[in-house]
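Below is one structure, written out as structure tokens, with a few remarks after it.
Each value in this text was obtained by applying a stated rule to the coordinates, not by laboratory testing. None of the values given here were measured: they were computed from a predicted structure. Neighbour counts run over all protein chains shown; Cβ positions are idealised from the backbone, glycine included.
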Amino acid sequence: MRKLSLIICLTLLVGIAFSLKGAEKDTTGLRFKLKGFVNSQAFYDSRQIVESREQMVSLYPKKPEYDVNGKDINAGGSFNQLSMTTRFRLLIEGPKVLNAKPSAVVESDFTGSSNATNNDLRLREAYISLGWTKWTLLMGQTWHPINTPECRPTTVGLNTGAPFHPFSRHNQVRLDYHIGHWKLTAVAASQRDYASDGPTGVSSNYLRNAILPNLHLQAQIKTVGFLGGIGFDYKLLEPEQFHQFGAIRAKSTSSVNSMAVVGYGKYTQGHFTLKGAATLGQNLTEHILLGGYVEHQIDSVQYRLKYAPTNVLACWIQGEAAYGKFQFSIFTGYSSNLGYQNEMAGRFFGRANDIAYLYRIMPRVQFQSGHFTIGTELEYTAAAYGNPDLKGQFDSSSVVGSYRLLAGVFYFF
């Protein structure tokens with residue numbers, strides 16, 4: 001069934017591309033543009049890592065695990081090469097609707113929705129946009145505004161700076177207002193491929209059961225050579241509809257409130273670009289960041305349970321310089337678990353509560369000629385593992401590092 005769906009989708013894309021080649025629009029006034037790239041990557045890791053998509057998304061080195069002889073099981077490296085990030089992007093434009101310029105985007109690649117479905121066609125983006133003079137209304141699946149596509153790390157690898165820069169696409173209703181150099185954005189988002197962790201695993205149910213969508217407000221300024229912005233994010237989760245206390249089942253009235261603030265900036269002068277961003281927030285696992293939330297109060301008399309979010313800081317900076325057909329870059333990132341809002345009394349839901357902090361240093365060299373690009377990057381990521389106390393604080397930690405050497409080729413169309 002998956003193979004049949006893949007064949008049908010590819011046939012439709014290729015058919016549209018060839019039928020519209022050389023023609024700007026058809027009889028209905030619709031205009032189509034097919035873009036994308038074919039990509040192949042090969043990479044070597046010096047250590048076993050926490051990853052996704054058969055290691056294409058590299059996050060951080062695994063914690064040491066020792067066998068009966070005291071040898072670290074995760075000390076061995078690995079090698080892989082894949083082409084499933086090959087991507088198609090279809091842009092559709094048409095005549096005005098409600099005095100607005102309409103457009104639609106569909107984007108797919110072959111990374112599937114999880115490691116179990118790698119090489120399957122998956123939906124990356126699918127949205128409709130209506131643009132007026134000052135207002136833009138977007139409805140559909142695209143990058144969450146906390147990711148800020150206008151200012152994010154440039155990498156050859158697929159992680160695009162995660163877990164130091166948020167990485168997630170959400171279904172959303174987004175309204176932008178443009179005034180002078182400013183853009184004001186309001187978003188109501190839900191979860192699907194990128195979802196929160198909880199008692200039944202990673203799922204969108206926790207946000208859905210809370211009824212209120214994920215809310216985000218952002219202000220962005222753009223002038224000649226500079227782009228910057230600040231955003232505020234709010235999320236409410238309902239982890240369980242009932243709590244189980246032995247043989248007793250009690251309806252849950254508990255939820256998890258979490259907030260986040262993101263700030264970013266990008267400066268461009270000639271062939272040089274300096275950019276960076278920082279995220280300070282709570283329970284941001286759906287954005288592939290550290291942290292989550294904990295059970296902090298368990299009342300087996302009144303049959304109540306309360307949750308508390310964890311706090312996290314994630315930041316990065318990147319400098320890029322172009323020289324002819326070559327581009328040189330250096331990326332540095334830092335992330336830290338800042339503890340729990342209340343003392344932990346039960347379970348933790350999220351990512352890597354045993355990591356005090358992470359950091360990454362990654363130089364990159366890239367060559368581009370026409371539609372062809374080849375690049376390589378050396379990524380060093382270190383994780384400080386330790387045992388947190390009931391407040392999520394670390395008295396001591398031990399740093400584990402790993403290297404990744406990656407090379408990738410792209411042919412854009």
What lysines could a cross-link reach from K391, if we take a straight Cα to Cα line under 28 Å and drop same-chain neighbours fewer than 8 places away? K62, K63, K235, K251, K306
What relative contact order, as a whole-number percentage, does the stretch 103-144 give when Cα pairs under 8 Å and 6 or more residues apart are counted? 34
Just checking my list (i) 19.8, 60; (ii) 22.8, 74; (iii) 27.2, 120 against Rg and Dmax of the Cα atoms in Å computed from this structure; which label fits? (ii)
For N69 and S254, compute 0.36 nm times the residue count separating them, minus their Cα-Cα distance, and round to one decimal in nm. 62.0 nm
Rounded tilt (10° steps) of 2-19 against the dominant C-alpha axis of the chain: 30
Would you please give the FRET efficiency between K96 and L280, computed as 1/(1 + (r/R0)^6) with r the Cβ-Cβ distance and R0 = 45 Å, to the nearest 0.05? 0.60
Residue by residue through the stretch 53-62, what is 3J(HN,Hα) from phi via Karplus (6.51 cos²θ - 1.76 cosθ + 1.60, θ = phi - 60°)? Round to whole Hz and write x for glycine and proline. 6, 6, 6, 5, 9, 8, 10, 6, x, 6
Here the gain from full extension of F367 to I330, 0.36 nm per residue of separation minus their alpha-carbon distance, amounts to 11.8 nm
In terms of modelled amide H atoms, which long-range or inter-chain residues lie less than 5 Å from the amide H of Y194? R169
Long-range amide H partners of N80 with built H, under 5 Å: F43
Using 1/(1 + (r/R0)^6) with R0 = 22 angstrom and r between the beta carbons of F245 and Q297, what's the FRET efficiency to the nearest 0.05? 0.95
Would you kindly derive the ³J(HN,Hα) couplings of the stretch 396-413 from the backbone phi angles with the Karplus curve 6.51 cos²θ - 1.76 cosθ + 1.60 (θ = phi - 60°), listing them in order in whole Hz, with x for Gly and Pro? 8, 7, 10, 7, 10, x, 8, 10, 10, 10, 10, 10, x, 10, 10, 10, 8, 9
A 21 angstrom limit on the alpha carbon distance is what I want to check against. Which of K35/K96; K222/K275; K33/K325; K33/K275; K101/K134 exceed it? K35/K96; K33/K325; K33/K275
At 0.36 nm per residue, minus the direct Cα-Cα distance, what do S40 and L405 gain on full extension? Give it in nm, one decimal, please. 130.0 nm
HN-Hα J in Hz across the stretch 298-304 - Karplus 6.51, -1.76, 1.60, θ = phi - 60°, x for Gly and Pro: 10, 10, 7, 8, 8, 6, 10
